[in-house]
Amino acid sequence: MKVRLNKYLADAGVASRRAADELIRSGKVVVDGRRAHVGATVDPQRQRISVNGKQIDSSCARERTIIVLNKPLHVITTMRDERGRRSVAHYLPQGRRLFPVGRLDAETTGVLLCTDDGDLANALLHPSREITKIYRVVVRGEVPADALVALTARDVRRAPQGDTSFEIALHEGKNRQVRRMCARQGLKILSLTRTRFGPVSLGNLKPGAIREVNAAERRELERIRANAGG
């Protein structure tokens with residue numbers, strides 16, 4: 001039975017469908033000795049499929065891995081970095097083909113989901129799903145009331161030293177969106193932490209620590225995946 005190549009790679013835990021298309025486009029995916037093309041279909045039972053020279057086999061049933069990492073400061077959200085900077089791969093279990101769901105910039109800490117479930121990653125990142133992400137922002141000094149309104153800030157707190165912290169909830173995943181929103185209000189961000197991604201909360205997880213999602217989180221993530229048709 002033929003399936004879309006990007007879906008096959010996602011089901012095999014190689015990458016999300018979108019990232020799989022990038023691998024295909026860059027020439028890293030080969031089917032029966034020939035470079036694959038985006039939009040191709042394959043028969044996994046009859047054809048040999050490899051990525052970066054390594055054959056892919058998803059025939060064995062397995063439970064999808066979903067890990068929560070509290071991404072530390074100055075860590076790059078990628079599995080490898082050509083400049084030798086520390087990446088999230090340093091904190092993840094070895095021997096598993098995991099990848100981060102979306103990105104956090106190097107200066108942002110907090111919840112980062114890492115999985116081998118490409119369809120789940122695609123469902124969480126697709127703009128139409130409007131998955132809620134919550135950030136705790138700490139800025140220098142006092143924030144004017146009109147700026148808090150413009151940011152739709154909530155749970156506003158003043159620190160003894162005069163800085164202000166608040167939460168922002170987003171339903172999109174645009175690059176450095178919180179930082180750009182605060183910059184438009186003339187605010188200087190001191191720290192930025194994602195405390196929640198969909199049903200998954202940071203809780204008391206320490207920077208650099210990981211945990212498997214709990215049963216309630218997994219059920220909700222599977223519901224999101226199923227509703228997206230994954």
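The values are calculated or read from the model by the stated rules, or taken from the named source; none is laboratory data. As the structure is a computational prediction, the values presented were derived from the model and not from experiment. Glycine gets a Cβ as well: all are built from the backbone with ideal geometry, and neighbour counts include every protein chain shown.
For the reader, a short list of remarks on this structure follows.
- Within the range 159-187, being over 30 Å from ASN122 (Cα atoms) and at pLDDT below 95 holds for ALA159, PRO160, GLN161, GLY162.
- Filter result for SER201 (polar (S, T, N, Q), farther than 13 Å from ILE131 by Cβ, modelled with pLDDT of 95 or more and within 15 Å of the chain's Cα centre (by Cα)): yes
- Some residue of the range 70-85 being aliphatic (A, V, I, L, M), in contact (Cβ under 8 Å) with a residue 12 or more places away in the chain and buried (at least 22 other Cβ atoms within 10 Å of the Cβ): yes
- Number of the condition not met by ARG158 [criteria: (1) farther than 20 Å from LEU9 by Cα; (2) not assigned by TED's automatic domain parsing to the domain that holds LEU192]: (2)
- Applying the condition of being within 16 Å of SER191 (Cβ to Cβ) and of a type in the set (Ser, Thr, Tyr) to the range 130-164 and asking which residue is nearest to the chain's Cα centre (by Cα) yields TYR135.
- Of all the listed residues (ALA106, ALA89, ALA15, ALA20), the sole one being in the same structural domain as ASN204 (by TED's automatic domain parsing) and either crowded, with 20+ Cβ neighbours inside 10 Å or touching a residue at least 24 places away in the same chain (Cβ under 8 Å) (or both) is ALA106.
- Subset of the range 25-81 [at positive phi and charged (D, E, K, R)]: ASP32
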